[in-house]
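Worksheet for the structure shown next.
Each value in this text was obtained by applying a stated rule to the coordinates, not by laboratory testing. Please read these numbers as outputs of a predicted model, since none were measured by experiment. When we count neighbours, we look across all protein chains shown, and the Cβ atoms used for this are built from the backbone with ideal geometry, even at glycine.
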Amino acid sequence: MCALGWLSKKHGAEFAMVQHYTGRGRIYFARNPQSIMDGGTSTNPKRIPESEFWVCTNLSNKMKGQILDGVMTILGYPPQERRAWASAVEGEESGDIEYGREDHEDDPDDQGDIRI
């Protein structure tokens, strides 16, 4: 949440692009919590600090790291910086892992791949 809040503050209006980061059946970001709740079960939406956006928080740390990586991709961050941030969210054991889309964890409420 802190990382998303920092990114929101740093990127201002450009941060609104996170709305385009979704799963086929899941909404991860929205301007209201109901939109996120409508996109899946047990979503537990929380407001992102420094932002008008809400985010789905009932996900594993690995999935949260993958979403942070995707958001940072949208905002133009280089791969090495994205992985450092995502690894911090995912936990120490994942710090040395480099993954592509095929290695992303599945969201149990999502019926397809994450899309950017």
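In angstrom, the C-alpha Rg and Dmax of the range 1-92 are 12.2, 34. Note on Lys9: lysines with a C-alpha under 23 Å away, same-chain residues under 8 apart excluded, are Lys46, Lys64. As a proxy for reagent exposure, Leu75, Leu68 were ordered by neighbouring Cβ count within 10 angstrom, fewest first; the result is Leu75, Leu68.
Once backbone amide H atoms are built at 1.01 Å from N, Gly23 has Tyr28, Arg115 as its partners under 5 Å, excluding neighbours fewer than 5 places away on the same chain.
Ranking of Met1, Met63 by neighbouring Cβ atoms within 10 Å, starting from the fewest: Met1, Met63.
Counting other beta carbons within 10 Å of each Cβ, put Glu14, Glu90 in order, fewest first.
Details: Glu14 13, Glu90 22.
Listing Glu14, Glu90 from fewest to most nearby Cβ atoms yields Glu14, Glu90.
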